[in-house]
Amino acid sequence: MKKVKSSEITPERIYKNRRKFVQNLGLAAGSMFIGQNFINLAQASSNSIEQEITEYRYITTYNNYYEFGTKKSDPVENSQNFKTKPWNITIDGEVEKPLKLSVDELKNMFPIEERIYKLRCVEGWSMVIPWLGFPLYKLLDKVSPTSKGKFVKFISVLDPEQMPGQRYPILDWPYKEGLRIDEAMHPLTILVTGLYGKELPNQNGSPLRLIVPWKYGFKSAKAIVNIKLVDKMPTSSWMKASPNEYGFYSNVNPRVDHPRWSQASERVIGGGIISPRIPTTMFNGYGDEVSHLYKNMDLKKYF
Ligand code: MTE
């Protein structure tokens, strides 16, 4: 084991086949330290598709974060003075042991891992991002969900003074998202505190956001203040805005088109001047890990 500074784990590496990466997590991977915490690094495997990690400058300047505006360049331009300290988060609802704690306390509770996941936006583009965070199930285990805790609702911060977009009824503020409890407990689902070995930039959802790698990017709520276990399927802000276009499940699915465009392929952000398109894969490439969650479900109906 070798000690490294976080700045040393940021070069644009190549990684091979996300599925293999996930299988290797914590096994053959070389473990490194960031502060007191572990980072798992991918062990590249053979016979796999190569995809480059997106450059930091694209990940942090081409964003969707409607609280700060609807243009891709708005979040980086309008979020730099957004105050993320202090920040408290409450985990409550259908749980035996509700928790209220600061993000700093949360970061010290669990080892922080690196997870290289592709973010596939419902708009038809994607990036490969080296996230830092920890699996959500570890936090949910601490609060002991009751048998009524069948869904998990994620609520982002409401702060129209600091978030100009919230002064307009673009979405049902605060931003809300939801997962079924088994999706939330899946080991691929993470709460994110950083990227590229650094603190999470404001425009990417600082200080705490969700990432569910087999679902479209909008499921991954930014700037979360409340995680609530509930017994009924929550209505997300996007479902409320346009129920025909954005369903509760929103699994990446090249066979189910968005009513206004195809989902069969995606544009690789930062992939060169011509921005190549590549085929979109079922569950964003995580079918082996997650398809059992949707056994016997008609994914055209439950889109
Ligand atoms: N979370 C909040 N609170 N507000 C938003 O507008 N946009 C979503 C998601 N989380 C959004 C959000 C969408 S549409 C996408 S594609 C991703 O964040 C984008 O994440 P990124 O900017 O870090 O790439």
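The values are calculated or read from the model by the stated rules, or taken from the named source; none is laboratory data. Please read these numbers as outputs of a predicted model, since none were measured by experiment. Don't worry about glycine lacking a Cβ; one is built from the backbone with ideal geometry, like all the others, and counts go over all protein chains shown. What goes into the accessible areas is simple: the full protein's heavy atoms, side chains included, and nothing from ligands, DNA or RNA. Shrake-Rupley method; radii C 1.70, N 1.55, O 1.52, S 1.80 Å.
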Next item on the list: Name the strands (runs of 3 or more DSSP E) wholly inside region 145-222 in which the number of residues that are more than 9 Å from the ligand (Cβ to nearest atom) is 2 or more.
Entry: 151-156, 176-180, 190-195
Next item on the list: For Y65, work out the one condition from (1) open to solvent by less than 30 Å² (accessible area, probe 1.4 Å); (2) at pLDDT below 95; (3) within 20 Å of P207 (Cβ to Cβ) it doesn't fulfil.
Entry: (2)
Next item on the list: Provide a single number: the residues in region 284-303 that are out of contact with any strand residue (DSSP E or B) (no Cβ under 6 Å at 6 or more places or on another chain) and either surrounded by 15 or more Cβ atoms within 10 Å (Cβ to Cβ) or within 21 Å of I211 (Cβ to Cβ) (or both).
Entry: 12
Notebook entry, point to check: How about region 223-236: which of its residues are open to solvent by 20 Å² or more (accessible area, probe 1.4 Å), of a type in the set (A, V, I, L, M, F, W, C) and more than 14 Å from the ligand (Cβ to nearest atom)?
Noted result: V230, M233
Next item on the list: Kindly indicate whether K83 is among the charged types (D, E, K, R) and closer than 19 Å to Y137 by Cβ.
Entry: no
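Of everything in region 123-144, what is outside any loop (DSSP other than H, G, I, E, B), within 16 Å of the ligand (Cβ to nearest atom) and not aromatic (F, W, Y)? Give them in sequence order.
Hits for region 123-144 are S126, M127, V128, I129, P130, L132, G133, L136.
Looking at L195, L140, L179, L191, which one is farther than 23 Å from E94 by Cα, open to solvent by less than 10 Å² (accessible area, probe 1.4 Å) and among the hydrophobic types (A, V, I, L, M, F, W, C)? Steps first, answer last, please.
On the way: L140 fails: farther than 23 Å from E94 by Cα; L179 fails: farther than 23 Å from E94 by Cα; L191 fails: farther than 23 Å from E94 by Cα.
Of L195, L140, L179, L191, the one residue that is farther than 23 Å from E94 by Cα, open to solvent by less than 10 Å² (accessible area, probe 1.4 Å) and among the hydrophobic types (A, V, I, L, M, F, W, C) is L195.
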Checklist line | Residue within region 250-258 that is more than 23 Å from R209 (Cα to Cα) and without any contact (Cβ under 8 Å) to a residue 24 or more places away in the chain present | finding: yes
Item checked: Count of region 128-154 residues which are among the aliphatic types (A, V, I, L, M), closer than 26 Å to N253 by Cα and in contact with an Asp or Glu (Cβ under 9 Å, 6 or more places away or on another chain) -> 3
Next item on the list: Please go through region 134-172 and pick out each residue that is within 18 Å of L191 (Cα to Cα) and charged (D, E, K, R).
Entry: K138, D141, K142, K153
Next item on the list: Answer yes if at least one residue in region 267-274 is in contact with a helix residue (DSSP H, G or I) (Cβ under 9 Å, 6 or more places away or on another chain), assigned to a loop (DSSP other than H, G, I, E, B), aliphatic (A, V, I, L, M) and open to solvent by less than 60 Å² (accessible area, probe 1.4 Å), and no otherwise.
Entry: yes
Item checked: Residue list for region 70-122, filter: more than 13 Å from the ligand (Cβ to nearest atom), open to solvent by 50 Å² or more (accessible area, probe 1.4 Å) and outside any helix (DSSP H, G or I) -> Q80, N81, K83, K85, P86, N88, E94, E96, K97, P98, K100, P111
Notebook entry, point to check: Considering region 145-158 alone, what residues qualify as being within 23 Å of the chain's Cα centre (by Cα), surrounded by fewer than 20 Cβ atoms within 10 Å (Cβ to Cβ) and farther than 12 Å from I224 by Cα?
Noted result: K150
